[in-house]
Amino acid sequence: MSDETQPASPAERAVAELTATWSVEPDGVWVAPGRVNLIGEHVDYNGGRCLPMALTRVTAAAVRVRDDDRVRVSSDDPDAKPFEGRIGQLGPGCADGWAAYVAGTLWALREAGIEVPGLDIAVASDVPLGAGLSSSASLESAVAVAAAELAGRADEPALRHLMVQAAIRAENEVVGANTGGMDQTVAMLAEDGAALLIDTKDFSTGPVHLGLAEAGLQLLVIDTRVRHALADGQYGKRRADCEQAAAILGLQYLADATLADVERLADPQLRARARHVVTEVERVDRFVELVRAGRIAECGPLLDASHASLRDDYEVSAVELDTVVAAATGAGALGARMTGGGFGGSAIALVPTDAVPVVSHAVVRACQDRGLTVPGTLAVTSGAAARRAS
Ligand code: GLA
């Protein structure tokens, strides 16, 4: 229950929004998590392995089935304009901005054979927008689980995989962001209490229990509050570089290259991009080995190396990210790196629990000293996959 001191949950806010905007009561409320990626960055479109973790922060969708073919969508974010359309007319070009994620998901589900009916949808979220924590995949996934259940589909593994692919299609074909699928996969398939190892060759997944609390460690997210837009071109350029490097090497997946292959690339930029991908996948495997051996406290240098590779070889970091990563490790974090697409957004740090206040203070101070936007810090634990909330 909410009271005056406790802000309403996303689920409560979504219901309030549905009632206020469309004057209807929901048939149900569904939620889906944001994520942090622990390691394995910019490898999900290269057939590599990555290790994201679902957060307890969620996007909620309160949904009511209509008796006609209309779709109406609203958000309690005042910057998000409501959207209306006909279910059969959704598709590429039908919506822009935030509504494209919703309309695109409904369209892609129907393309996959799910008979989504007319719906009234209201959404609310506590996943920070543009922070590199996958607010977009959480929106797509909340809408997907709601629409599939209201279309009469039983929740089972095959449906979950179909919904992942639908959310990826929505993002690639309707939103126009050529993203790789890590975010949708973890939002749909995460296991509570664990990170999720994803092999993006076939999108097979398995839980990896981190044992952070047992090791006296806390995962800290540092939101630089500098926003990035994945659709703005840089992400697509990195992806194109990787495709070119793989083609030159005669490989389907760049993640399958060896370091010797990488050295054969004549173009220094392609060589650097490929080096990041190949070394990052090795770091993921080493990270998972250490965690499974109960040695997560030894993973810090892998985070640092991942950050350096993203900064120097892949060139997707930003001064704010470099500043908070250096400040965090300087103040006692065991390791730190940018997480997500880059160009702003968030970093993560692996921090001894008793050092969290010192590290949080240090990252704020470092940004203030350099005249940068003051970052926000958030101690996170793992959350569950997309689900019905009520
Ligand atoms: C974004 C994309 C993901 C992934 C990451 C980088 O979050 O949505 O598919 O490529 O960037 O690892």
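Only Lys, Arg, Asp and Glu carry charge here, each on its Cβ (+1 for the first two, -1 for the last two); on that basis the range 196-262 has a dipole of about 300 debye about its Cα centre. Would you pull out the residues with amide H under 5 Å of Arg57's amide H, same chain only if 5 or more places away, H placed 1.01 Å from N? Correct list: Gly34. With θ taken as phi - 60° and the Karplus curve 6.51 cos²θ - 1.76 cosθ + 1.60 applied, the whole-hertz 3J(HN,Hα) list for the range 198-206 is 10, 9, 7, 5, 10, 6, 6, 9, x Hz, x standing for glycine and proline.
In µm²/s, what is D for the chain at 4 °C and 1.567 mPa s, where D = kT/(6 pi eta Rh) by Stokes-Einstein and Rh is the Kirkwood radius from Cα pairs? Estimated via Stokes-Einstein, D reaches 61 µm²/s.
In the chain, the DSSP-assigned H stretches of four residues or longer account for a calculated mean residue ellipticity at 222 nm of -12000 deg cm²/dmol, using -39500 (n - 2.57) per stretch and the full residue count as denominator.
Principal semi-axes of the equivalent ellipsoid, √(5λ) from the alpha carbon gyration tensor of the range 210-380, are 30, 21, 11 Å from largest down.
Put Trp30, Trp22 in order of accessible area, highest first, and with a 1.4 Å probe you get Trp22, Trp30. Each of the peptides 244-251, 259-266 was scored by the mean count of other Cβ atoms within 10 Å over its residues; in descending order, highest first, they stand as 244-251, 259-266. For the chain, the dipole from Cβ point charges (+1 on Lys and Arg, -1 on Asp and Glu) about the Cα centre works out to 420 debye, to the nearest 20. Label-to-label distance, His361 versus Glu156, with points set 7 angstrom from Cα along the beta-carbon direction: 5.6 nm. Under 20 Å from a point placed 7 Å out from the Cα of Ile248 along the Cα-to-Cβ direction: which residues of the range 297-323 have their backbone N that close? Zone members listed by number: 309-316. For Ala112, nonlocal amide neighbours, meaning residues 5 or more places apart or on other chains whose placed amide H falls under 5 Å from its own, do not occur. Placing unit charges on each Cβ (+1 for Lys and Arg, -1 for Asp and Glu) gives the chain a dipole about its Cα centre, and among Ser306, Val36, Val288 the Cα reaching farthest toward its positive end belongs to Ser306. Accessible surface of Ser390, taken over heavy atoms with a 1.4 Å probe and every protein chain present, rounds to 80 Å².
Of the accessible area of the chain, computed with a 1.4 Å probe over protein heavy atoms only, carbon and sulfur atoms account for 49 percent. Across the chain, Cα pairs under 8 Å and at least six residues apart give a relative contact order of 22 percent. Note on Ala112 and Gln269: their simple-model spin labels are 3.5 nm apart, each label 7 Å out from Cα toward Cβ. Could you state the angle between the C-alpha long axis of helix 234-249 and the longest principal axis of the C-alpha atoms of the chain, as a value from 0 to 90 degrees rounded to the nearest 10? With both axes taken from Cα atoms, the answer is about 60 degrees. A 1.4 Å probe run over the range 210-380, with the rest of the protein chains in place, finds 42 Å² accessible per residue. Report the FRET efficiency, 1/(1 + (r/R0)^6), for Thr279 and Asp77, where r is their Cβ-Cβ distance and R0 is 30 Å, rounded to 0.05. The calculated FRET efficiency here is 0.20. Axis angle, to the nearest 10 degrees, between helix 268-292 and the longest C-alpha principal axis of the chain: 80 degrees.
The values are calculated or read from the model by the stated rules, or taken from the named source; none is laboratory data. Just so it is clear, the structure is predicted and the values come from calculations on it, not from any experiment. Neighbour counts are summed over all protein chains in view; Cβ atoms, including those assigned to glycine, are modelled from backbone coordinates with ideal geometry. Heads up: the accessible areas ignore ligands, DNA and RNA and are worked out on the full protein's heavy atoms, side chains in. Shrake-Rupley method; radii C 1.70, N 1.55, O 1.52, S 1.80 Å.
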